[in-house]
Amino acid sequence: MNMTTPIEPREFKIVGKSVKRDDVLEKVTGEAQYTGDIKLPGMLHGKIKRAAIAHARIKSIDVSKALAYPGVKAVLTHETVPRVLHYGSPHPRSASCTKDQYILDDKVRFWGEGVAAVAAISEEIADEALDLIEVEYEALPAVFEPEDAAQPGAPLIHDVGPGGNLVLDPVRVNRGDVDKGFAEADFVLEGTFAGGRPHPAYMEPNVCVADWDGSNKLTFWTSTQTSFMVRGILAEVLGLPLTKVRVLVDHMGGGFGAKQDLFQHEFLCALLAKETRRPVKMEFTRHETFVAGRSRHPCKIWLKQGFKNDGTLVARDMKLVYDSGAYGSHGPGVTIVGTTAATSLYRCENVRLEGRCVYTNTPINGAFRGYGVVQSYYALDIQMDEAAERLGMDPAELKLKNVVRAGDIAPSGHPIIGHGLEICLQHGIDVLDWKALWNRDRTPDPKRPHIRTGWGIGCEMHGSSAYPGIKEQGNATVKVNEDGTVTLLTGAAGLGTGAHTALAQIVAEELGVRFEDVGVIHGDTDVVPWDIGAFASHTTYLVGTAAKMAAGKVRAAVLARAAMKLQVAPEEIDLSEGKVFLIAEPDRCMTVSEAMGPSRGIPAANIVANGTYEPTKSYSFAAHFTEVDVDTETGLVEVKRVVPVHDVGRVIHPIAAQGQIEGGIQQGIGHTLTEDYVIDKKTGRSLNAGLVDYKMPLSMDMPDIETIILEAAPDPGGPWGAKGVGEDPIIAIGPSIANAIHDAIGVRFHHYPITPEDILKALREKGA
Amino acid sequence: MRRFDYHRAETLEHASRLLAELGDDTFLFNGGTDLLVEIRERLRRVRNVVDIKQIPGLSDITYDETRGLTFGALVTVGRLERLPLVCQRYPNLRAAFASLGSIQVRNRATVVGNICRASPSADTIPPLVADGAFVHIYSRTNMRVVPIAEFFTGPGRTVLAKGEIVTGITVPPAGDTAGKAYIKHGRRKAMELSTVGVAVSLSMEEGVCCDIRIALGAVGATVLRAPQAEAMLRGTRLDASAVRSAADKAMEECTPISNVRASADYRRDMVGVLTGRAIKQALETFA
Ligand SMILES: Cc1cc2nc3c(=O)[nH]c(=O)nc-3n(C[C@H](O)[C@H](O)[C@H](O)COP(=O)(O)OP(=O)(O)OC[C@H]3O[C@@H](n4cnc5c(N)ncnc54)[C@H](O)[C@@H]3O)c2cc1C
């Protein structure tokens, strides 16, 4: 269902207020239980033996010494686990995933892939036993770059799929007449762009605990964004009905998209527990979150665009190649979303796009905040700056001229209801007095002659929900208890974003009770309604609407019951702040508790309602204005100030929304300047799989961020017009930095991360 | 984390004896900020650790105008960083201390542990080398004092023989004619290991440089001096052109490697830039 009802004007009591998050106290006192905190009687610890070779056949595995090691209870190899070909990213109802994984295979496809698993009475013993497993490999030629993997005759990494190391058939989008567009262009810009391999580095390493009971039922705690997908695929691979798999997730230390795959260790943990008839815990080391986790797809882009001398964009021709790593994971989704995104952002009638996704013998790339769009918009936004330079125009002016606006169709192919990009850009231009800033005196400060300052703008738009790739569904159940308190049951994961707080706000607002009276039950697949998972910036938009629908039904039932008790018609009464009252005579009232409770022979009410929502998609928008200092002697770039202007529709919880924006900017500064997970292109070995040499910006590195959130373009598909905010902020910051660097030193970079060495080299070339 | 046995030493003699008796794979456990990480990351094979934190007499800090600043093996980086004397007289050490890890790490890590780990990128070593510090070493048979520049024999390696324990460090007094600086170069402002670190300690008399020592971190197997660059500057007024040519010379004198943190060429370039900046900063003491 697509809700097309207009957005009701209304006074909010709870929505739009930064209420105290429901998990604050638990988290600051350390009481919050994460999966890693679980200790069960008799629990064993599992560890994975990882290959130190990038591409090989396993000739033999000898586990006898490991099995004989005191304290070891079980060892599994490809010879002893079920051989079921399965999806790595099991999105239900989605065309965009690949069946290319086994729990353990007799083939190794990347350095770090698991080849065996051990369960022992302590983590130390399990770890020591790994060294006793002897694996004999037959090395196969390996490919580490998509260019090499795509060559005819390149070694094939998988037997499945379209062949030629392609993860899926090339994604092609054609609109208008591109050749005609180029023929009419006054000038053409062409360039290649390259994105690195940033890693989400969530605080909580992947972890799970498996426990089988006497009825052969598996209880599985795991740090996942998609507990129902974990349940579904575990059941499928283990050959169990869904009643025999219960997945639990309470608090999580982040995921950023990467925790929506089915991981090798999750199957192995369940199988080790089954084999030993004891609970087993498996927890990644930080090193493992890199090699066995998921990173962003490196991407090479060729982009050619034709412009008129007035700045009109008349043709866009773009080819994108995403590096999937050794397995498909989210490669198809990322390729489709990242490629089709390039139909939009800056309007152009004639568009020809081709996106490919290629296997390489490197660690797996998966979903990560920004999902393919970080890469494609980096190219679009930088080339738009180049066009402005060529035209001698202020980039703000050219971007304002070309941004998508009302009437333009979205990358998903459906019309966007609330267009906010133009407003965001204009708002930033106004508050910063951009014209004056752009025309400022650029002579360096004589006290710091080696420092150059620059300003840049980046734009973005991003959908909430994965429609049309996935036909999504949000569910919520709301119950009213006899004391007037309310329980919301949701399957949406709490990654740490505050989603459950926002959902409780929505329920309280719609129902007319106090925020404090709403409790949220989540993360137990045996209890809560089915959920698609927390991803695609959609929880507030999708599950929020479902929760609002359920709360609306419950509200009607409460009013009906109160009307009966008050002996009036339901239309005569209203409900607000936990009180039912006569509209004409507000002093005649009763609390929800009185309405619900037993009285005069009437038992307490049992009021429960479900909400199910099947949305299309809304789009959120942002323009980021960024100031940098470039040290021309050391090449260091310091981001000094960011003014992000976002339109996210109705804001449910302002501080949480602002937190998403600041966090996204921090991650975006990281991948633009310092973060890159480096794989040795000779061996496939990871060179910086750890937080010592994988450089995330920390609090001391953060610039001043002056977040501006507009509510100018609400989408009626979300609760009171709310849209997503999760992924947006990581997209525009990158090009804004690259454009600011150009403004500072007159050098264009088409790749990320832009390192100090790149800066010095470019300055030298420019000087020469 | 791999298993190991923990022993607590009551005296230096006890610690030294434990080191000898427990055999290889036995290490002194000071702040543990290197040791425990190395055990956990499986970078070092450790069977026994000997905790020295209860040994009396290793926590003192003293200063006198002739001997200088002396501090014991257990003195943490954080304690020294906050010491007014260090802030006033040793801005180079202060910069190194304040740049090491985070507040939590500094409240645990010791300077002696930092030098004993002998990492080429260790932050406290360049200023200690430039200041000509001395290392006090205990063994059951004798005590010896080693100039810090001679303490290191390679990455992670020192002159310490089996059973020897560093008891403290002495930094010569900082006179009124002394200028000091340490500049750490990395990608982050905190929690960062040096890509390059440059320390300069110099003294000026009537506008002329009578002594200068330049120590370069993370551009060789150990922290290096730049003797030729120093020689070019002694007796000059440290004007811009002299500094420029000495900085160029320092670039020739270092022997950096390429790794995931930076290329050798970039490190060399930074030696040039930072040597110039460090000299300028050291001279600001007199401004
Ligand atoms: C998060 C983090 C950030 C860090 N950042 C930095 C940084 O920015 N710059 C930097 O330079 N370092 C950094 N370090 C490294 C570390 O903190 C320092 O090297 C620290 O000074 C070591 O001191 P310690 O007392 O913890 O040594 P320990 O770990 O206890 O010991 C280090 C080594 O010295 C030996 N040892 C200790 N005391 C003696 C003694 N008295 N005699 C003989 N041998 C001895 C030990 O056996 C061991 O081999 C960081 C470490 C961490 C964990």
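The values are calculated or read from the model by the stated rules, or taken from the named source; none is laboratory data. Model, not experiment: these values are computed from the prediction. As a convention, Cβ positions derive from the backbone with ideal geometry for all residues, glycine included, and neighbour counts pool all protein chains shown. Accessible surface is based on the protein model in full, side chains and every heavy atom, while ligands, DNA and RNA are left aside. Shrake-Rupley method; radii C 1.70, N 1.55, O 1.52, S 1.80 Å.
Does A:S686 satisfy the condition of being free of Cβ contacts under 8 Å to residues at least 12 places away in the same chain, closer than 25 Å to B:V37 by Cα and within 13 Å of chain B (Cβ to nearest Cβ)? In short, no.
Sort out which residues of the range B:94-117 are free of Cβ contacts under 8 Å to residues at least 40 places away in the same chain and more than 6 Å from the ligand (Cβ to nearest atom), and write them in order of number. Within the range B:94-117, B:R94, B:F97, B:A98, B:I103, B:Q104, B:R106, B:N107 qualify.
Of everything listed in (1) more than 14 Å from the ligand (Cβ to nearest atom); (2) under 22 Å from the mean Cα position of the chain (by Cα); (3) open to solvent by 10 Å² or more (accessible area, probe 1.4 Å), the single unmet condition for B:N30 is (1). The number of residues in the range A:69-86 that are farther than 18 Å from A:H45 by Cβ and not hydroxyl-bearing (S, T, Y) comes to 8.
In the condition set (1) more than 13 Å from chain A (Cβ to nearest Cβ); (2) surrounded by fewer than 17 Cβ atoms within 10 Å (Cβ to Cβ); (3) without any contact (Cβ under 8 Å) to a residue 40 or more places away in the chain; (4) aliphatic (A, V, I, L, M), B:V37 is compliant with all but (1). If you go through the range A:441-470 one residue at a time, how many are in a loop (DSSP other than H, G, I, E, B), touching an Asp or Glu at 6+ places or on another chain (Cβ under 7 Å) and closer than 23 Å to A:G333 by Cβ? Here the count works out to 2. Tallying residues that are within 14 Å of chain B (Cβ to nearest Cβ) and surrounded by fewer than 20 Cβ atoms within 10 Å (Cβ to Cβ) within the range A:637-675 yields 2.
Exactly one residue among B:L43, B:L28 is within 14 Å of another protein chain (Cβ to nearest Cβ) and within 26 Å of B:I103 (Cβ to Cβ), and that residue is B:L43. Annotation: of all residues in the range A:555-582 being outside any helix (DSSP H, G or I) and open to solvent by 90 Å² or more (accessible area, probe 1.4 Å), the one that is nearest to A:E11 (Cα to Cα) is A:E577. If you go through the range B:176-188 one residue at a time, do you hit one that is under 28 Å from A:T674 (Cβ atoms), within 14 Å of chain A (Cβ to nearest Cβ) and surrounded by fewer than 20 Cβ atoms within 10 Å (Cβ to Cβ)? Yes: the range B:176-188 contains one or more residues that are under 28 Å from A:T674 (Cβ atoms), within 14 Å of chain A (Cβ to nearest Cβ) and surrounded by fewer than 20 Cβ atoms within 10 Å (Cβ to Cβ).
Scanning the range A:756-768 for residues that are touching a residue at least 40 places away in the same chain (Cβ under 8 Å) and open to solvent by 30 Å² or more (accessible area, probe 1.4 Å) turns up A:E757, A:D758, A:L763. Comparison of B:P56, B:P91 shows that the only residue that is more than 16 Å from the ligand (Cβ to nearest atom), more than 14 Å from every other protein chain (Cβ to nearest Cβ) and modelled with pLDDT of 95 or more is B:P91. Looking across the range B:33-53, not a single residue is within 12 Å of the ligand (Cβ to nearest atom) and at positive phi.
Scanning the range B:129-148 for residues that are among the aliphatic types (A, V, I, L, M) and either away from the ligand (no atom under 14 Å from the Cβ) or surrounded by fewer than 21 Cβ atoms within 10 Å (Cβ to Cβ) (or both) returns B:A130, B:A133, B:I137, B:M143, B:V145, B:V146. Scanning the range A:693-723 for residues being away from chain B (no Cβ under 14 Å) and touching a helix residue (DSSP H, G or I) at 6+ places or on another chain (Cβ under 9 Å) gives a total of 17. Among B:P155, B:P120, B:P126, B:P173, which is the only one that is away from the ligand (no atom under 14 Å from the Cβ), more than 27 Å from A:P703 (Cβ to Cβ) and not polar (S, T, N, Q)? Matching residue, one of B:P155, B:P120, B:P126, B:P173: B:P173. Those helices (runs of 4 or more DSSP H) of the range A:326-413 in which 3 or more residues are open to solvent by 10 Å² or more (accessible area, probe 1.4 Å) and closer than 30 Å to A:K435 by Cβ occupy A:373-391, A:395-402.
Please indicate, with yes or no, whether at least one residue in the range B:73-80 is away from the ligand (no atom under 13 Å from the Cβ) and either of a type in the set (A, V, I, L, M, F, W, C) or surrounded by fewer than 21 Cβ atoms within 10 Å (Cβ to Cβ) (or both). Taking every residue of the range B:73-80 in turn, none turns out to be away from the ligand (no atom under 13 Å from the Cβ) and either of a type in the set (A, V, I, L, M, F, W, C) or surrounded by fewer than 21 Cβ atoms within 10 Å (Cβ to Cβ) (or both). Among the residues of the range B:274-282, is there at least one that is among the polar types (S, T, N, Q), within 13 Å of chain A (Cβ to nearest Cβ) and buried (at least 17 other Cβ atoms within 10 Å of the Cβ)? Yes, the range B:274-282 contains at least one residue that is among the polar types (S, T, N, Q), within 13 Å of chain A (Cβ to nearest Cβ) and buried (at least 17 other Cβ atoms within 10 Å of the Cβ). Does at least one position in the range B:198-207 carry a residue that is within 14 Å of chain A (Cβ to nearest Cβ), under 30 Å from B:L43 (Cα atoms) and in contact with a helix residue (DSSP H, G or I) (Cβ under 7 Å, 6 or more places away or on another chain)? There is at least one residue in the range B:198-207 that is within 14 Å of chain A (Cβ to nearest Cβ), under 30 Å from B:L43 (Cα atoms) and in contact with a helix residue (DSSP H, G or I) (Cβ under 7 Å, 6 or more places away or on another chain). Quick check on the range A:226-239. Is at least one of its residues among the basic types (K, R), open to solvent by less than 40 Å² (accessible area, probe 1.4 Å) and assigned to a loop (DSSP other than H, G, I, E, B)? No; the residues of the range A:226-239 include none that is among the basic types (K, R), open to solvent by less than 40 Å² (accessible area, probe 1.4 Å) and assigned to a loop (DSSP other than H, G, I, E, B). If you go through the range B:176-204 and keep only what is within 13 Å of the ligand (Cβ to nearest atom) and not in a strand (DSSP E or B), you end up with B:G186, B:R187, B:R188, B:K189, B:A190, B:M191, B:E192, B:L193, B:S194, B:T195. The set of residues in the range B:3-27 being more than 13 Å from the ligand (Cβ to nearest atom) and touching a residue at least 60 places away in the same chain (Cβ under 8 Å) consists of B:E13, B:R17, B:A20. The helices (runs of 4 or more DSSP H) found entirely in the range A:650-768 that carry 1 or more residues being closer than 25 Å to A:R405 by Cα are A:654-669, A:729-745.
When A:P753, A:P697 are checked against the criterion of being open to solvent by less than 40 Å² (accessible area, probe 1.4 Å) and over 22 Å from A:G325 (Cα atoms), a single residue qualifies: A:P697. Of all the listed residues (A:A117, A:A74, A:A129), the sole one being more than 35 Å from the chain's Cα centre (by Cα), open to solvent by less than 10 Å² (accessible area, probe 1.4 Å), closer than 23 Å to A:V291 by Cα and of a type in the set (A, V, I, L, M, F, W, C) is A:A129. Does the range A:338-351 contain at least one residue that is within 26 Å of the chain's Cα centre (by Cα) and under 30 Å from A:A235 (Cα atoms)? Looking through the range A:338-351, none of the residues is within 26 Å of the chain's Cα centre (by Cα) and under 30 Å from A:A235 (Cα atoms).
For the range A:49-65, the criterion of being over 30 Å from A:F368 (Cα atoms), surrounded by 15 or more Cβ atoms within 10 Å (Cβ to Cβ) and free of Cβ contacts under 8 Å to residues at least 24 places away in the same chain is met by none of the residues.
Looking across the range A:583-604, the residues that are open to solvent by less than 30 Å² (accessible area, probe 1.4 Å) and in contact with an Asp or Glu (Cβ under 6 Å, 6 or more places away or on another chain) come down to A:M596, A:G597.
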